[in-house]
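The values are calculated or read from the model by the stated rules, or taken from the named source; none is laboratory data. Please read these numbers as outputs of a predicted model, since none were measured by experiment. Neighbour counts run over all protein chains shown; Cβ positions are idealised from the backbone, glycine included. The area values use the complete protein model at the heavy-atom level, side chains included, leaving out ligands, DNA and RNA. Shrake-Rupley method; radii C 1.70, N 1.55, O 1.52, S 1.80 Å.
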Amino acid sequence: MLLSNTQNAIPSTRIVVLNMLPYLRAGGFDPHVVFEPPTSTKTPDVSGLIDKIKAGNFQVVVLQKVFGDSVLELARDLRQAGIKTVFAICDFVNPVMCDATDATIVVTDYLKSLYPKEQHAKVSVVHDGVERPQFHKTDWGNHTGSSAAPLNAVLVTSASLDRLPLLGDPPNWLKVTIVGRYSPAGSRVRRWRENQWAMAAKQGMSERWRFLRFLANRRIACEAWGAESVYDAMQRADIGIIPIEVDPVRDPTGEWKVKSENRLTLKMAMGLPVVATPIPSYEPVIEQGVNGFLARSTAEWLQHLSALRDPALRKSMGQRARQTALERYSMDRQAEKLIAVLSGLVDGPARDALSPEQARV
């Protein structure tokens, strides 16, 4: 059961489910999509789906980031029918769904730690797997950056940022490319309208003035995210950056605490040396000064960015970053963890004797 439609899959559906299907087939499972909404929704109406699932002789149903009364009722009906259920969630904690299902999959150890201790035995960690390891840097250059020929830092985000977090204005030897939820560069009218709407949402002259400075800054470029173009942007970059505001005033919900490693490992697998804000999912990945930098203050950000003006450090750190990402977060390794969870639900070793038609997911 999917959060989004396969024809327009959002990243979590693609990474958690669609990327794993070939591995499941190779592991002896016969995976099928039994539900996908026309548009992404976390709380779908799945009334009547129990009959379809029973008719399909499924042994396990994976609920990808869907919940709510209708899904909860389905999970209980499936349990009564003897069909195992897995709740797969990536960015928040839902003890009710964890209790209603036979297993819960989360993407970080930190997320698992937030569940009640009595539920920990039911919660497994399957990280986001690196999607395209074949794309990576092979040349880190020998330039150190200057106002005339700046180094290029890339920031990949799912948002349409209207400011550069923490840094504000990049130093004069650095250009920052933000790849996010923007209209394509050729859609000038759409981009102009986006900026108009963003300006209208600003409160007070200081906020509007800061936004105008952001738009006018020649050392900040905003590019539309695309499945192919995001890798082009990282290939052109010298440094990866992930500045996250952890200010409780700007982000009172504390959503930054439950972010996955995905944006970090994406850049690391590319071979980029990365400077990032320390958040719970990043701290176990970064070995300070070896495969990346964690920066807490603006002063630390500038210090670590300046260190990466050294071409030799960019190369050595980028190579170690890629090695870390591929060893710990490859799709192969995450698929092994997923298959272990599913196998455990269908009698573990006994599943090896099942045909693909018998081990239906």
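Worth a mention:
- GNM flexibility winner over the chain from Gln235, Gln203, Gln288 (Cα, springs under 10 Å): Gln203
- Share of Cα-Cα pairs in the chain lying beyond 27 Å, as whole percent: 52 percent
- Rg(Cα)/(2.2 N^0.38 Å) for segment 155-264, N = residue count: 1.10
- Net charge, Thr13 excluded, C-beta distance under 11 Å - Lys, Arg +1, Asp, Glu -1: +1
- Apportionment of accessible area to carbon and sulfur, segment 254-302, percent (1.4 Å): 51 percent
- Heavy-atom accessible surface of the chain, averaged per residue, reaches 48 Å², computed with a 1.4 Å probe.
- Euclidean distance between Cα centres, segment 67-89 to segment 208-234, Å: 42 Å
- Here the translational diffusion coefficient of segment 53-101 follows from Stokes-Einstein with Rh set to the Kirkwood radius across Cα pairs; for 10 °C and 1.306 mPa s it amounts to 144 µm²/s.
- Amide H contacts of Lys175 (H built 1.01 Å from N, under 5 Å, at least 5 apart or other chain): Leu151, Asn152, Ala153
- Other residues lying with their Cβ under 12 Å from the Cβ of Asp162 contribute a combined charge of +4, Lys and Arg counting +1, Asp and Glu -1.
- Ordered by solvent-accessible area of protein heavy atoms (1.4 Å probe), largest first, the residues Met331, Met317 come out as Met331, Met317.
- With every protein chain in place, segment 1-118: carbon and sulfur % of accessible area (1.4 Å): 50 percent
- Candidates Val86, Val290, Val274, ranked by Gaussian network fluctuation over the chain, Cα under 10 Å, top entry: Val290
- Cα centroid separation, segment 146-188 to segment 108-136 (Å): 30 Å
- Dipole size of segment 1-155 about its Cα centre, with +1 on Lys/Arg Cβ and -1 on Asp/Glu Cβ: approximately 200 debye, rounded to the nearest 20.
- C-alpha long axis of helix 331-345 to longest principal axis of the chain, angle in °: 30 degrees
- Ligands, DNA and RNA left out, the 1.4 Å accessible surface of segment 159-204 is 51% carbon and sulfur atoms.
- 10 Å Cβ shell holding at most 12 others, DSSP loop, trypsin sites (Lys or Arg not before Pro): longest site-free stretch of the chain: 1-217
- Building the convex hull from the alpha-carbon atoms of segment 1-68 and averaging its projection over directions returns 4.6 nm².
- Exposed loop positions in the chain were taken to be GluC sites (Glu not before Pro) whose DSSP state is not H, G, I, E or B and which have at most 10 other beta-carbon atoms within 10 angstrom. Between these positions, the longest stretch is 1-227.
- Each of Val230, Leu161, Thr138 was scored by the projection of its Cα onto the charge dipole of segment 100-251, and the greatest displacement toward the positive side belongs to Leu161; charges sit on the C-beta of Lys, Arg, Asp and Glu.
- Selected from Gly204, Gly145, Gly318 as most flexible by GNM, with the chain as the system and alpha-carbon contacts under 10 Å: Gly204
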